[in-house]
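Undergrad: I am attaching a structure below and will ask some questions about it afterwards.
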Amino acid sequence: MTDAQDPGPVRDERPVRDPAPVRDPEPVRDPEPVRDPGPPREPGPERQPDPVRDPWREAMRLALGEAAKAVPAGDVPVGAVVLDPGGQVLATGYNEREAVGDPTAHAEVLAIRRAAAKLGEWRLPGCTLVVTLEPCVMCAGALVQSRLARVVYGAGDEKAGAAGSLWDLVRDRRLNHRPEVIRGVLEDECSALLTRFFRDR
């Protein structure tokens with residue numbers, strides 16, 4: 001009886017698969033910088049758009065700049081700007097009573113005079129006067145006489161205002177011309193300027 005023959009090593013008959021491709025490692029990204037949120041905001045309602053007053057805010061800021069020019073001479077800081085019908089600046093003025101010794105040298109009167117001189121006409125139809133303080137009786141009369149279309153003012157004047165506070169001369173129905181009145185544009189800024197002036201005197 002012969003010995004069984006050695007079959008040899010057992011071969012793996014399974015198909016050989018291609019190795020998986022080697023992928024490049026993902027680049028390491030820098031972490032996002034931490035942003036400073038800043039100081040916490042005070043809670044409160046945001047300012048809502050005001051279609052009546054907002055169009056005049058820029059002109060009122062110009063008038064506030066004029067008002068500041070009155071302070072060095074000791075005049076009450078009131079400034080005025082006259083706009084033409086297209087909204088362009090025609091003339092400006094600020095209180096100069098102390099500076100020139102003229103009781104009629106209010107900001108409104110000076111601005112109206114300069115606007116009329118520039119146009120060569122005493123009538124100012126379609127024009128707008130923007131002033132930081134409610135006009136007095138004298139200035140309200142000048143508004144009516146110059147045929148301005150409207151007056152826009154910042155701070156009211158409970159003691160001498162003639163555009164709705166103490167009197168309402170500009171809208172008196174007995175007059176032949178009544179300008180439109182828009183009040184309260186940048187009222188806080190206009191009032192603060194006057195408050196600082198009288199506090200520091």
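Undergrad: Can you work out ³J(HN,Hα) from phi for every residue in region 119-136, in order, using Karplus 6.51 cos²θ - 1.76 cosθ + 1.60 and θ = phi - 60°, giving whole Hz and x for Gly and Pro?
TA: These are the phi-based 3J(HN,Hα) values: 7, x, 7, 6, 7, 10, x, x, 8, 10, 9, 10, 9, 6, 10, 3, x, 7 Hz.
Undergrad: Classify region 66-172 as rounded, prolate or oblate, taking a ≥ b ≥ c as the square roots of the eigenvalues of its Cα gyration tensor: rounded when a/c is under 1.5, otherwise prolate if a/b is larger than b/c and oblate if not.
TA: Note, shape of region 66-172 comes out oblate.
Undergrad: At a probe size of 1.4 Å, how large is the accessible area of Ser191, to the nearest 10 Å²?
TA: Surface accessible to solvent at Ser191 totals approximately 40 Å².
Undergrad: Another one. By accessible area of protein heavy atoms, probe 1.4 Å, what ranking do Arg61, Arg47, Arg97 get, highest first?
TA: The most accessible residue leads, giving Arg47, Arg61, Arg97.
Undergrad: Leaving ligands and nucleic acids out of the surface, order Met60, Met138 by accessible area at 1.4 Å, largest first.
TA: The most accessible residue leads, giving Met138, Met60.
Undergrad: About the Cα centre of region 45-201, how large is the charge dipole given +1 on each Lys and Arg Cβ and -1 on each Asp and Glu Cβ? Please answer in debye to the nearest 20. Mind dumping the intermediate values first?
TA: Working: 21 positive and 22 negative charges, 79 e Å.
Roughly 380 debye, rounded to the nearest 20.
Undergrad: Determine the dipole magnitude for region 146-201: charges of +1 sit on the beta-carbon of Lys and Arg, -1 on that of Asp and Glu, nothing else is charged, the reference point is the Cα centre, and the result goes in debye to the nearest 20.
TA: Details: 11 positive and 9 negative charges, 60 e Å.
Computed about the Cα centre, the dipole is about 280 debye.
Undergrad: Then there is this: At a probe radius of 1.4 Å, what is the per-residue accessible area of Glu158, in Å² to the nearest 10?
TA: Around 130 Å² of this residue is reachable by solvent.
The values are calculated or read from the model by the stated rules, or taken from the named source; none is laboratory data. Quick caveat: nothing in here was measured; it's all calculated off a predicted structure. Quick reminder, even Gly has a Cβ in these numbers, built from the backbone with ideal geometry, and neighbours come from all protein chains shown. With ligands, DNA and RNA removed, areas are computed over all heavy atoms of the protein, side chains included. Shrake-Rupley method; radii C 1.70, N 1.55, O 1.52, S 1.80 Å.
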